[in-house]
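S.K.: If you scroll down you'll find the structure; I have some questions about it.
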Amino acid sequence: MTQARLRHIPSIDSLLRRESIQALIVSQGRAAVRDRLREILSDLRREMNATGPAGATTSAIALEIEERLASRFAGRSEARIGRVINATGVILHTNLGRARLGRSAVEAIVGVAESYCNLEYDLTNGERGERGGALEAMLCELFACEAAAIVNNCAAAVLICLNTCAEGGEVIASRGELIEIGGSFRIPDVIAKSGARLREVGTTNRTRLADYDRAITENTRVILRAHPSNYRIVGFTESPSLTELSALARERRIPLFEDLGSGCLRDLSDCGVKDEPTIAHSLSAGVSLLAFSGDKLFGGPQAGIILGGAVLISQIKRNPLFRALRVDKLTIAALEATVACYSAGRERLEIPTQVALRLDKPSIDRRARQFKRRAARLLSGVQLTLIDGYSVVGGGSAPQARLATTLIRLAVDGMSAVAIEARLRKCRPPVIGRIIDDQLVLDLRTVVETEESDLLRAMLSLAVG
Ligand SMILES: *Cc1c(COP(=O)(O)O)cnc(C)c1O
């Protein structure tokens, strides 16, 4: 009986000749389609052995196979990386790729991606050149510092700085700064991986200069100051200023390393980000080394940027870890273009993160009103309401900053906020919104004008039900 049923399963060869499967072969490749078909056929045989439908015909089974095959490839193309519309209002959304790059950075990437480039070639002398040499010089000029080095991200920068300065010795850090950034980056774990021992000082809320002073021994290799990016200790608190700490470090001849995290270049207090220290402030306070992310407030590609004295930086670049953590030509090209924007004073116009931070409420409000009018003409059954709200910086930066915005609230009869959110997420390109108080809201601060048509199209899919 079972054998008779199994005879109705079509052969691989006959399946591969079917029109819809031929189309999949063109887009996905013959080998991938054949492998998936084998898996589906073996699933089917197992199922039919167990309970299979007695009367299923070959053509019904073939249709079933086609459907299973299509859904396997559909799942896969959704999982692949691609553009999404970030309507969350979170400017540096780590899950959505953090900073979007400016035009010149994108063009720089394309330029070196499509052809060969002088990555490690000195065009003046026709000899081997230093990877990232020009970028380092640009950074030194921008920040008026002695030397710079670039690695894969800020986590890598912290690891290599601590490993270079403190392997086999002690790192002094305040108990108030033993932070976790998310994505499993925890300061005590990174110190352990760097081969150094952590010497904790002070308490969670209060650490004094004298605590650092007392902890220094002949084993001390570095004093660490970590920016508590994504949380704040408020109330009865105390910690020495960076200037005091660096004076102590100089007096005791121990390097002071600061993990700045976000890497804020210009003071942002005029756009509501009040507690984000700048890179220039750290350098003028006298830190020996500092590290920050390329793709947080700096608004460039993922990278870890290390600035500091020439001796320490050259030790870092001789560390074998440097080779393991180095960046590729695409990152260097995008970073150079980003640094060039700052050097020319054009970041407010050209670096999308900086532009988004500075959008004021009246201009977002104007766009939201226009968008609502456009949508009202096209959508029936979807109610749009404008409400006051806040955007956030994200990426573990400035957790207390609230940037005033106008939110577009969506309501559809018979649909929950969760269902609306899921429907928008399944559009092409996917639209990612935010749910506040059981309502789905969209924030145009993180949506550029050219994306508004896609946003509207996604909302049409709500209207048609
Ligand atoms: C974000 C952050 C890091 C990690 O930076 P990545 O570039 O994501 O590796 C490290 N330290 C601090 C203080 C941070 O805020």
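S.K.: Of the accessible area of the range 377-465, with the probe set at 1.4 angstrom, what percent is carbon plus sulfur?
M.R.: Details: 2090 of 4100 Å².
Carbon with sulfur: 51 percent of the solvent-accessible area.
S.K.: Do you know the relative contact order of the chain, to the nearest whole percent, from alpha carbon pairs under 8 angstrom that are 6+ apart?
M.R.: Values: 782 pairs, mean separation 88.0, N = 465.
Reported relative contact order: 19 percent.
S.K.: While we're on this one: How large a share of the accessible area of the range 17-152, in percent, is made up of carbon and sulfur atoms when the probe is 1.4 Å and the other protein chains stay in place? Write out the running numbers ahead of the final one.
M.R.: On the way: 4150 of 8250 Å².
Result for the range 17-152: 50 percent of the exposed heavy-atom area is carbon or sulfur.
S.K.: How far, in nm, would the chain grow between THR217 and ASP413 when pulled straight, counting 0.36 nm per residue and subtracting the alpha carbon separation? It would help to have the intermediate numbers written out before the result.
M.R.: On the way: separation 196, 0.36 × 196 = 70.56 nm, distance 6.86 nm.
Stretched fully, the THR217-ASP413 segment lengthens by 63.7 nm.
S.K.: For the charge dipole of the range 336-465, defined by +1 on Lys and Arg C-beta atoms and -1 on Asp and Glu C-beta atoms about the Cα centroid, which residue among SER391, PRO362, LEU460 has the Cα displaced farthest towards the positive pole?
M.R.: Positive-most Cα among the choices belongs to LEU460.
S.K.: Points 7 angstrom from Cα along the Cβ direction at ILE81 and ARG68: gap in nanometres?
M.R.: Modelled inter-label distance: 3.3 nm.
S.K.: By the gyration tensor of its Cα atoms, with a ≥ b ≥ c the square roots of the eigenvalues, what is the shape of the range 244-340: rounded for a/c under 1.5, prolate for a/b over b/c, or oblate?
M.R.: Working: a/c = 2.58, a/b = 1.05, b/c = 2.46.
Since a/c reaches 1.5 but b/c is at least a/b, the shape of the range 244-340 is classed as oblate.
S.K.: Roll a 1.4 angstrom probe over the protein heavy atoms and tell me the percent of accessible area of the range 244-364 that is carbon or sulfur.
M.R.: On the way: 2520 of 4630 Å².
Carbon and sulfur together cover 54 percent of it.
S.K.: Can you tell me the accessible area per residue over the chain, all protein chains present, probe 1.4 angstrom, in square angstrom?
M.R.: Values: 22840 Å² over 465 residues.
Value returned for the chain: 49 Å² of accessible area per residue.
S.K.: Quick check on the range 163-210: take the gyration tensor over C-alpha atoms, sort the square-rooted eigenvalues as a ≥ b ≥ c, and tell me if it's rounded (a/c under 1.5), prolate or oblate. Numbers along the way, then the final one.
M.R.: On the way: a/c = 3.11, a/b = 1.21, b/c = 2.57.
It is oblate, given that a/c is not under 1.5 and a/b is not larger than b/c.
S.K.: Among DSSP bridges having both ends in the chain, what percentage is antiparallel? Round to the nearest 5. Walk me through the intermediate numbers first.
M.R.: Details: 32 of 54 bridges.
So the antiparallel bridges amount to about 60 percent of the total.
S.K.: Each residue of the range 368-379 in order: what ³J(HN,Hα) in whole Hz does its phi give by Karplus 6.51 cos²θ - 1.76 cosθ + 1.60, θ = phi - 60°, with x for Gly and Pro?
M.R.: Karplus values, whole Hz, x for Gly and Pro: 5, 5, 4, 4, 4, 5, 4, 5, 4, 5, 9, 9.
S.K.: In terms of modelled amide H atoms, which long-range or inter-chain residues lie less than 5 Å from the amide H of ARG199?
M.R.: Hits under the 5 Å cutoff: VAL171, ILE172, ALA173.
S.K.: Just how much of CYS154 is accessible, in Å², when a 1.4 Å probe is used and the result is rounded to the nearest 10?
M.R.: We get 10 Å² for CYS154.
S.K.: Ok, one more. Work out from phi, with θ = phi - 60° and the Karplus expression 6.51 cos²θ - 1.76 cosθ + 1.60, the ³J(HN,Hα) of each residue of the range 230-246, listed in order in whole Hz, and give x for Gly and Pro.
M.R.: Computed from phi, the couplings for the range 230-246 are 9, 8, 9, 9, 10, x, 7, 10, 7, 7, x, 5, 4, 5, 5, 5, 6 Hz.
S.K.: A 28 angstrom limit on the alpha carbon distance is what I want to check against. Which of LYS372/LYS426; LYS193/LYS317; LYS296/LYS317; LYS296/LYS329; LYS329/LYS361 exceed it? Before the final figure, lay out the partial values.
M.R.: Details: LYS372/LYS426 22 Å; LYS193/LYS317 19 Å; LYS296/LYS317 24 Å; LYS296/LYS329 20 Å; LYS329/LYS361 38 Å.
Violating the 28 Å Cα-Cα cut-off are LYS329/LYS361.
S.K.: For the pair ILE12 and ILE233, how long in nm is the line joining their label points, each one 7 Å along Cα→Cβ?
M.R.: 6.3 nm
S.K.: Would you calculate the separation in nanometres between label points at GLU141 and ARG369, each defined as 7 Å from the Cα along the Cα-to-beta-carbon direction?
M.R.: If labels sit at GLU141 and ARG369, their model points lie 4.5 nm apart.
S.K.: Here is a further query. Just to confirm the filter: which trypsin sites (Lys or Arg not before Pro) across the range 272-378 are DSSP coil and have at most 12 other Cβ within 10 angstrom of their Cβ? Numbers along the way, then the final one.
M.R.: Numbers: sites: LYS274, LYS296, LYS317, ARG318, ARG323, ARG326, LYS329, ARG346, ARG348, ARG358, ARG366, ARG367, ARG369, LYS372, ARG373, ARG374, ARG377; in loops: LYS274, LYS296, ARG326, ARG346.
Filter output for the range 272-378: LYS274.
S.K.: Where both partners of a DSSP beta bridge lie in the range 233-378, what percent of those bridges are antiparallel, to the nearest 5? Intermediate values should be presented prior to the final figure.
M.R.: Working: 5 of 10 bridges.
Given both bridge residues lie in the range 233-378, the antiparallel proportion sits at roughly 50 percent.
S.K.: With everything on Cα atoms, drop me the angle between helix 19-28 and the longest principal axis of the chain, reported from 0 to 90° to the nearest 10.
M.R.: Long axis of 19-28 versus the principal axis of the chain: about 10 degrees.
S.K.: Going by alpha carbons, how many degrees (0 to 90, nearest 10) lie between the helix axis of 103-114 and the longest principal axis of the chain?
M.R.: 70 degrees
S.K.: Still on this structure, please answer the following. Mind checking the angle between helix 58-79 and the chain's longest principal axis? C-alpha axes, 0 to 90 degrees, to the nearest 10.
M.R.: So the inclination is approximately 10 degrees.
S.K.: If Rh is defined by the Kirkwood formula over all Cα pairs and Rg also comes from Cα, what ratio Rg/Rh do you get for the range 325-465? Don't skip to the answer; put the middle values down first.
M.R.: Details: Rg = 17.5 Å, Rh = 16.9 Å.
Reported Rg/Rh, Kirkwood definition of Rh: 1.04.
The values are calculated or read from the model by the stated rules, or taken from the named source; none is laboratory data. Because the structure is predicted, anything quoted here is derived from the model rather than measured. Quick reminder, even Gly has a Cβ in these numbers, built from the backbone with ideal geometry, and neighbours come from all protein chains shown. The area values use the complete protein model at the heavy-atom level, side chains included, leaving out ligands, DNA and RNA. Shrake-Rupley method; radii C 1.70, N 1.55, O 1.52, S 1.80 Å.
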